[in-house]
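One structure is given below, encoded as structure tokens.
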Amino acid sequence: MPTYIILLGPPGCGKGTQAKRLVDLTGIPQVSTGDLFRAMKTMDTPLAREIQAMMARGELIPDATTVSMLADRLEESDCRENGALLDGFPRTIPQAEALDDLLAESGQRVSKVLYLDITEEEAVRRVSGRRSCPTCGRIYHVAFDPPKVAERCDDDGAVLSQRADDQPDVVSERYQLYLEKTAPLADFYRERGILVEISAMRPVDEITPEMVAAIQG
Ligand code: AMP
């Protein structure tokens, strides 16, 4: 049976880091709309260019574009078989409603929403030190989880990069958007009785087992 889990929380709460670990521990694929949009960087179409510009400003991509890209991804065989760990989607109430409709078409629904909360100060601190490997996607932090050799990926030696939208002023903008558009989703899912709140102001290793238990519980 496919299982659909939503990872909810502000930028820098650890959704992406935890999702990568949970893939191995649960066998459910990670579906990150941010990663899917970033992968469009190499596409030279007016829509792809517009998306990159909106992302660099920290804005949300319109719901219709985002939902249609997600729907295509959920159609792929790994998701049809195992479901998805949704990382960065939904980010608005209309996206959550669209997700319900999409899953209902195949008799499925969201089973749990894992809500990782952190303060704005912590979000800015984590996100501004974040670096990632452009080749394998592994995520580092310059202070809390640095690579063995400065600015190089431990796994493949590629030069690490910083996301354009991880600059401090853009991070603040993204956090405000999160409060306005995405945070209301916590109540949306709490009312449905599927929200699991997990404090993310703790080391990564402490959080992972709690998430696994919540998914399997
Ligand atoms: P993330 O990697 O989840 O932080 O997403 C990076 C950026 O991609 C966001 O700041 C948005 O510009 C865009 N994005 C990702 N997911 C969504 C979504 N569900 N709705 C709208 N925009 C999104």
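Just so you know, all these numbers are worked out from the coordinates, no wet-lab data involved. This one's a predicted model, so the numbers in the text were calculated from it and none came from an experiment. Neighbour counts run over all protein chains shown; Cβ positions are idealised from the backbone, glycine included.
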(request) Would you compute the Debye intensity of the range 8-58 from its alpha-carbon atoms alone, equal scatterers and no solvent, and pass along log10 I(q)/I(0) at q = 0.13 Å⁻¹ to two decimals? (result) -0.41
(request) Give a residue-ordered list of calculated ³J(HN,Hα) values for the range 67-78 (Karplus: 6.51 cos²θ - 1.76 cosθ + 1.60, θ = phi - 60°; whole Hz; x for Gly, Pro). (result) 5, 5, 5, 5, 4, 4, 5, 5, 6, 5, 4, 4
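May I ask you to sort VAL113, VAL149 by Cβ crowding, counting other Cβ atoms within 10 Å and putting the fewest first?
Numbers: VAL113 24, VAL149 9.
Fewest-to-most Cβ neighbours within 10 Å comes out as VAL149, VAL113.
Work the Kirkwood hydrodynamic radius out for the chain: mean of 1/r over every pair of different alpha-carbon atoms, inverted, in Å.
Working: mean 1/r = 0.0562 Å⁻¹.
Across the chain, the inverse of the average 1/r is 17.8 Å.
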(request) Compute the distance in nm between two label points, each set 7 Å from the Cα along the Cα-to-Cβ direction, one at ILE93 and one at GLU50. (result) 2.6
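Sort 118-125, 1-8 by the packing proxy (mean of other Cβ within 10 Å over each peptide's residues), most packed first.
Averaged packing, sorted descending, gives the order 1-8, 118-125.
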(request) Search the structure for amide H atoms under 5 Å from the amide H of THR3, placed 1.01 Å from N in the peptide plane, and list their residues when 5 or more places away or on another chain. (result) GLY83, ALA84
(request) Just grab the label-to-label distance for ARG109 and ARG80, each label 7 Å out from Cα along the Cβ direction, in nm (one decimal). (result) 2.4
(request) Starting from the Cα of LYS112, draw a straight line to each of the lysines and keep only those under 18 Å, dropping any in the same chain fewer than 8 residues away. (result) LYS15, LYS20
(message) How high is the relative contact order of the range 119-166? Use alpha-carbon pairs under 8 Å, at least six apart in sequence, and give a whole percent.
(response) 36
(message) Please check: in the Gaussian network model of the chain (C-alpha springs, under 10 Å), which one of GLY34, GLY88, GLY12 has the largest mean-square fluctuation.
(response) GLY34
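Please report the antiparallel percentage of the DSSP beta bridges confined to the chain, to the nearest 5.
Values: 6 of 24 bridges.
Percent antiparallel among DSSP bridges in the chain is about 25.
Starting from 0.36 nm per residue, how many nanometres of slack lie between LEU179 and SER128 once their C-alpha separation is accounted for?
Values: separation 51, 0.36 × 51 = 18.36 nm, distance 1.87 nm.
That works out to 16.5 nm of additional length.
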(request) Please report how far the C-alpha centroid of the range 13-39 lies from that of the range 167-217, rounded to the nearest whole angstrom. (result) 14
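Pull out the extension gain between THR135 and ASP117, defined as 0.36 nm times the separation in residues minus the alpha carbon to alpha carbon distance; nm, one decimal.
Details: separation 18, 0.36 × 18 = 6.48 nm, distance 2.88 nm.
Value of the extension gain: 3.6 nm.
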(message) Let me check against my output: what whole-number percent is the relative contact order of the chain, with C-alpha pairs under 8 Å and at least 6 apart?
(response) 31
(message) For a Förster distance of 41 Å, can you work out the FRET efficiency between the beta-carbons of GLU197 and LYS41, rounded to the nearest 0.05?
(response) 0.75
(message) Can you tell me which of ALA150, ALA64, ALA186 moves the most in a GNM of the chain? Springs connect C-alpha atoms under 10 Å apart.
(response) ALA150
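Fully extended, how many nm does the chain gain between ALA164 and GLU151 (0.36 nm per residue separation, minus their Cα-Cα distance)? Kindly include the intermediate steps, with their values, before the conclusion.
Details: separation 13, 0.36 × 13 = 4.68 nm, distance 1.63 nm.
This chain segment gains 3.1 nm when fully extended.
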